[in-house]
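**Q** This structure is in structure tokens; I'll ask about it shortly.
Every number in this text was worked out from the coordinates using simple rules, so none of it is lab data. From a predicted model like this one, the values you see are computed outputs, not experimental measurements. Backbone-built Cβ (ideal geometry, glycine too); neighbour counts: all protein chains shown.
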């Protein structure tokens, strides 16, 4: 059954008008769904039972069901396992920082991109999530913690740009002044490099931050880590990143998972410097490299380098004027890499 949260306000107005209802009803219902974050129709006290019953015939208004929450004893990070209406399982993460509360959400059930260091892709793609299911992850975490979400990263299971229509509808709805009204400047999307969609996103200019999962400074190494590199070379991806910056003026982040013996030496750091410095907008382009010590997953043999080696890689970038940080691990005691928590839950609940 379709969920009413999938409908933008104008679409909800059209639906209610087709049912003979006044347009103001749409705003009332939209507020219940996207501001008061109700779980079902029963709480919509200023909407007649007759209208609620009519809507319930074709549309659910339920949030996903949280089946497990793990809380880190180290930093209070919470990892949520949620069940969708059709029984599919996804994961989301709540992280507390000094600058506010950040959440990481999934955009698909599984993933078809095949990145070798990611557990999300091991069983392939089951299906796309709807905009309402993406919203539902944010709403659940806000309801269950009792605190407002400040920042959103779409970096959980799935490739957001492979689910482009639902992902962009999510962006419009989460930033809607009639909903949670989260600033688009506080939203980051991560992509492995779907070039046409990066350009589409630039043209639509939502003003969100783009993070490219780069993970290697050359096509040869990148192909060993990411199958998408066989379709889109860096000679195609980097101009798309430049185009995104030209259109939006938003700083771009390069995500770089550091894998021992694969992409972690100083030669690769120098190659990365050259790659970034070769961009035509290098004088103006605002970019940042996020070095991520790889999270080992039991299905792969990847190992993370010693901290000193990652710091040496960082220093090469910084000496050449490229801002670089080593990602602070959040919730390291409650699960490993992206997708692993969902995978462990499914294995333990067969």
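**Q** Return the distance in nm (one decimal) between the two label points of a simple spin-label model at residue 312 and residue 22, each offset 7 Å from Cα along Cα→Cβ.
**A** Between residue 312 and residue 22, the label points sit 7.3 nm apart.
**Q** Please give the per residue volume of the convex hull enclosing the alpha carbon atoms of the range 41-96, rounded to a whole number of Å³. Numbers along the way, then the final one.
**A** Numbers: hull volume 5.6 nm³, N = 56.
With only Cα atoms used, the range 41-96 gives 101 Å³ per residue.
**Q** Something else: Could you work out how much longer the chain between residue 127 and residue 46 gets when fully extended? Use 0.36 nm per residue separation minus the Cα distance between them, nm to one decimal.
**A** Value of the extension gain: 25.6 nm.
**Q** With only alpha-carbon pairs counted, each pair once and no self-pairs, how large is the Kirkwood hydrodynamic radius of the chain in angstroms? Don't skip to the end; give the middle numbers.
**A** Details: mean 1/r = 0.0470 Å⁻¹.
By the Kirkwood definition, the hydrodynamic radius is 21.3 Å.
**Q** Output the antiparallel fraction of DSSP beta bridges having both residues in the chain, as a percent to the nearest 5. Don't skip to the answer; put the middle values down first.
**A** Numbers: 20 of 46 bridges.
Within the chain, antiparallel bridges account for around 45 percent of the total.
**Q** Along the Cα-to-C-beta direction of residue 278, a point sits 7 Å from the Cα; which residues of the range 251-268 have their amide N less than 15 Å from that point?
**A** Residues passing the 15 Å test: 268.
**Q** What's the long-distance tail for the range 136-200, i.e. % of Cα pairs beyond 20 Å? Before the final figure, lay out each step's value.
**A** On the way: 600 of 2080 pairs.
Tail of P(r) above 20 Å: 29 percent of Cα pairs.
**Q** Between the range 66-88 and the range 230-289, how far is it from one alpha carbon centroid to the other, in angstrom?
**A** For the range 66-88 versus the range 230-289, the Cα centre distance is 33 Å.
**Q** With a 10 Å radius around each residue's Cβ, average the other Cβ atoms per peptide and rank 187-195, 48-56, highest first.
**A** By packing density, highest mean first, the sequence is 187-195, 48-56.
**Q** Would you calculate the convex hull of the Cα atoms in the range 107-168 and tell me its volume per residue in Å³?
**A** Value for the range 107-168: 93 Å³ per residue.
**Q** Right, next: Across all directions of projection, what mean area in square nanometres is found for the Cα convex hull of the range 2-60?
**A** In nm², the orientation-averaged hull projection of the range 2-60 is 3.5.
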